[in-house]
Amino acid sequence: MGKQLVAGNAVIGQSGGPTAVINQSLVGVIEGLRGHGAIKRIFGARHGVKGMVDDKLVDLTDTPQDRLELIAATPSAALGSSRDKPDRAYCERIFEKLKARDIRYFFYIGGNDSSDTCRIVNELANGSGYELRCFHVPKTIDNDLMENDHTPGFASAARYVAMAFMGDQLDNRALPGIKINVVMGRHAGFLTAASGLMRERDDDGPHLIYVPERPFDTDAFAGEVERVYARHKRCHIAVSEGVQDKNGTPVLALVSEIKEKDAHGNVRLSGTGALGDALADFLTKKLTPAGGKPPRVRADTLGYPQRCWPDASPVDQQEARRAGRTAAEVAVRGDRDGSIAIERVSTSPYESRMKRVELSAVAAKTRHMPEAWLKGSSDVAPAYFEWLRPLVGPMPRIGWI
């Protein structure tokens, strides 16, 4: 617990890939701060930390509640987001701007890089004797934050992926062939694994699910596809964009000429159909018999619609709002810093609670799928779907002839 609260302003920023519910968290923070005597004004930073250093803030203090409700239910980041990954020098610039605005409460909604930004700014404030509350509000569709059962944004993206694969595998059943769908997830396979949630029959797709937690071997991949195709006369496949070989090299870098890097120096995975196209071309060549007809192979990349599809999970909406509100409540009760995490209380009936954890427990760390949720080299265990099902909300039913 900290000292008696000092009066001052608050700022909220949004970072990283937008989601279907990140605005719920924004509104939750605002609601948690309103009416508290220590909070003078509530500012929103345009495009995250970039807006803080460029002094581009918008006053949210008196935003009408009906407008906040509309913003909360709208996908994407209402304030604009940022891919900046601040180092200590960048954080020093942020800190100086916060001091100049008499900001004493700093809330950053994002993934593990965002929590690391909070950690560094918090250290700068503590070192200078400036009283500043720094709180990280979780957000990521990858579901890769430590200390969390799951993260706001993930359940809605998983809902989209599960339904997209349900529809696509029915298409593949009607017009059989080999179909590859590439799903987001650089280091963790939680979202790609959601592709199998709607399987009901033994021959339902996806028949093969490839996640970053398992080394990807192209020859083994071709062999598994060939065996499934021989059995079902079709093969429906989910591949995480972040699959890598046994040496940790992204498969995209191995099978594609495209090796564009992002701002962090990583091979750019999202926003390109290169992996799907390269794997489709590989299978076509590998599975075409000498002098024979090539198999029908197609690939799609689900891409950015996974993040902000306007059909959010009800559980995701509620928990994202609660996470933001909890961050504000913890800050104004006197805690100096922290990250808010979702803890599962029970699965049936589903219940969760919010808790404060140390920034250092989340910052710059990555959570992976547990071994118990993986099945062989190319499938997901039933335990994963039991864990996931309460999060995504009511799903459509399928009729058969």
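Since every read-out is calculated from the coordinates, none of them should be taken as a lab result. This is a predicted model, so every value here is computed, not measured. Heads up, the Cβs are rebuilt from the backbone with ideal geometry, glycines too, and the neighbour counts pull from every protein chain shown.
Please list, in order, the residues from the range 13-33 whose amide nitrogen is less than 18 Å from a point placed 7 Å along the Cα→Cβ vector of T61.
13, 29-33
Using θ = phi - 60° and the Karplus relation 6.51 cos²θ - 1.76 cosθ + 1.60, list the HN-Hα couplings for the range 389-399 in order, rounded to whole Hz, with x at every Gly or Pro.
Result, rounded to whole Hz: 3, x, 7, 8, x, x, 10, x, 9, 10, x.
When we measure straight from the Cα of K285, which aspartates and glutamates land under 14 angstrom away, once same-chain ones fewer than 8 places off are left out?
The reachable aspartates and glutamates, counting only those whose Cα sits under 14 Å from K285, are D219, E226, D277.
Hey, can you grab everything whose amide H is under 5 Å from the amide H of K139? Only 5+ residues off in sequence or another chain; H modelled, so Pro and N-termini drop out.
G110, G111
Would you give the gap between the C-alpha center of the range 182-236 and the C-alpha center of the range 315-352, rounded to a whole Å?
Taking the Cα centre of each part, the range 182-236 and the range 315-352 sit 34 Å apart.
Within 10 Å of each residue's Cβ, count the other Cβ atoms and sort V380, V161, V21 from fewest upward.
Working: V380 26, V161 29, V21 32.
Ranked by crowding around the Cβ, least crowded first: V380, V161, V21.
Starting from the Cα of K99, step 7 Å along the direction of its Cβ; do the same at R344; then give the gap between the two resulting points in nm.
Here the answer is 4.5 nm between the modelled labels.
Can you list the residues, at least 5 places off or on another chain, whose amide H is less than 5 Å from the amide H of V297, using H built in the peptide plane?
I178
From Cα coordinates alone, what are the radius of gyration and Dmax values for the chain in angstrom?
Rg then Dmax for the chain, in Å: 22.5, 81.
Residue by residue, what Karplus-based ³J(HN,Hα) values in Hz, rounded to whole numbers, does the range 338-353 have, using 6.51, -1.76 and 1.60 with θ = phi - 60° and x for Gly and Pro?
Per residue, the Karplus-derived 3J(HN,Hα) values read x, 10, 8, 10, 9, 10, 7, 8, 7, 9, 9, x, 6, 8, 9, 9 Hz.
Using 0.36 nm times the number of residues separating R333 and E92, minus their current alpha carbon distance, what extension gain do you get?
Computed gain between R333 and E92 is 84.1 nm.
Output the relative contact order of the chain, whole-number percent, from Cα pairs under 8 angstrom with separation of 6+ residues.
Once divided by the residue count of the chain, the mean separation gives 23 percent.
Taking θ as phi - 60°, what are the ³J(HN,Hα) couplings along the range 27-43 by the Karplus curve (6.51, -1.76, 1.60), each to the nearest whole Hz, with x for Gly and Pro?
Once rounded to whole Hz, the list reads 5, x, 4, 4, 4, x, 8, 4, x, 8, x, 7, 9, 7, 10, 10, 10.
Determine the equivalent ellipsoid of the range 51-149 by diagonalising the alpha-carbon gyration tensor, then write out the semi-axes as square roots of 5 times the eigenvalues, largest first, rounded to whole Å.
23, 19, 12
Neighbour counts of other C-beta atoms within 10 Å: give me M395, M369, M52 arranged from fewest to most.
By the 10 Å Cβ count, ascending, the order reads M395, M369, M52.
Given the Cα-Cα distance of L254 and K375 and 0.36 nm per residue of separation, how much length would full extension add, in nm?
Stretched out fully, the L254 to K375 stretch lengthens by 41.1 nm.
I need the fraction of alpha carbon pairs in the range 324-370 separated by more than 15 Å, rounded to a whole percent. Write out the running numbers ahead of the final one.
Numbers: 604 of 1081 pairs.
So the portion of pairs separated by more than 15 Å is 56 percent.
Project the alpha carbons of the range 137-252 onto their principal axes and report the range along each, largest first, in whole Å.
Result for the range 137-252: principal-axis Cα extents of 47, 33, 20 Å.
In Å, what is the Rg of the alpha-carbon atoms in the range 336-401, and how long is Dmax?
16.4, 61
Can you list the lysines whose alpha carbon sits under 19 Å from that of K56, skipping same-chain ones fewer than 8 residues off?
K40, K85, K97, K99
To check my understanding: the extent here is largest minus smallest coordinate of the Cα atoms along each principal axis. What are those three numbers for the range 279-401, in Å, largest first?
Projected onto its principal axes, the Cα set of the range 279-401 covers 74, 40, 30 Å.
Normalised by the empirical 2.2 N^0.38 Å for globular proteins, what value does the Cα Rg of the range 4-115 take?
With N residues counted in the range 4-115, Rg over 2.2 N^0.38 Å equals 1.01.
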